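Encoded as structure tokens, the structure appears first; notes follow it.
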Amino acid sequence: MVISQIMQAYSGVIEITPGEGPAFFLRTSYLNRLKEENLFSGAEISDEDSADLLEAALVYGVEKAAMSYLARAEHSRFTLSQKLIKKGMEKSVINRALDYLESVNYLDDERFAGAWLRSRSIDHAEGRIRLAAELSARGVDKTSARKALDEFFCDHDELEICRKAFRKAQISRKTEEKIRMTLAQKGFSLKFIDIVVKENI
């Protein structure tokens, strides 16, 4: 490959126009073999280095696709990775792009968990146990989930949420045993369940 033209597109991102074929973009930090100083107009690039350029361009393409999802909503690394895999992108390439996005704080499982908990609480009255399981199902690691849950329950009284869930179950005229079962399924501890049931006997 011969580089016909090279331009700085954004910080850390360059546009390369080869002698033949369409121009492409890449983030220079994605290069494994080549050094940025070896990229200039007229440079002749070996097959191995051309493969490095094209791989870096591929990773940058995945980064852009990931950013389009993140622009719409927070994602966990796991859910974002699954969406990109469904688009036919390779896992190794996805991992490199997501590593970069984590390093610049565009992707953060703890932040995702906090946003998800706030959104979930609008329509659902659930306890810590259920919420922890839901975060785990979305690929959030235990440490990030615990931090997000601790922060969430600093602002939201879990006992009061349990009372809300109890009142909702009560409207359905369920028996005490069924109400207890419903509250347990919603992830409340036996301690909270006992408190709210005794309050209403």
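Since every read-out is calculated from the coordinates, none of them should be taken as a lab result. Keep in mind that what you see is a predicted model, and the values were worked out from it rather than measured. Here Cβ is always computed from backbone atoms with ideal geometry, including for glycine, and neighbour counts include all displayed protein chains.
As a ratio to 2.2 N^0.38 Å, the alpha-carbon radius of gyration computed for the range 148-201 takes the value 1.12.
Centre-to-centre, using Cα atoms only, the range 143-201 and the range 53-96 are separated by 38 Å. For residue 9, the residues 5 or more places off, or on other chains, whose built amide H falls under 5 Å of its own are 14, 15. Note on the range 70-174: Cα-Cα pairs beyond 24 Å make up 34% of the total pair count. Binning the alpha carbon pair distances of the chain at 5 angstrom intervals from zero yields the distribution 1, 7, 13, 13, 11, 10, 9, 7, 6, 6, 5, 4, 3, 3, 2, 1, 0, expressed in whole percent. Charge tally around residue 59: other residues with Cβ under 9 Å, Lys/Arg +1 each, Asp/Glu -1 each, net 0. Angle check, please: helix 109-123 long axis (alpha carbons) against the longest principal axis of the chain (alpha carbons), in degrees 0 to 90, nearest 10. Between the helix axis and the principal axis of the chain, the angle is about 40 degrees.
If you place +1 on the Cβ of every Lys and Arg and -1 on the Cβ of every Asp and Glu, how big does the dipole about the Cα centre of the chain come out, in debye to the nearest 20? Could the numbers behind the result be given before it?
Details: 31 positive and 32 negative charges, 362 e Å.
My answer is approximately 1740 debye.
Its alpha carbons considered, the range 1-109 gives a radius of gyration followed by a Dmax of 14.6, 43 Å.
Compute the Kirkwood hydrodynamic radius of the range 1-61, taking the inverse of the mean of 1/r over all pairs of distinct Cα atoms, and give it in Å to one decimal. List each step's numbers first, then the result.
Details: mean 1/r = 0.0894 Å⁻¹.
Result for the range 1-61 stands at 11.2 Å.
As a length-normalised measure over Cα pairs under 8 Å and 6 or more apart, the relative contact order of the chain settles at 15 percent.
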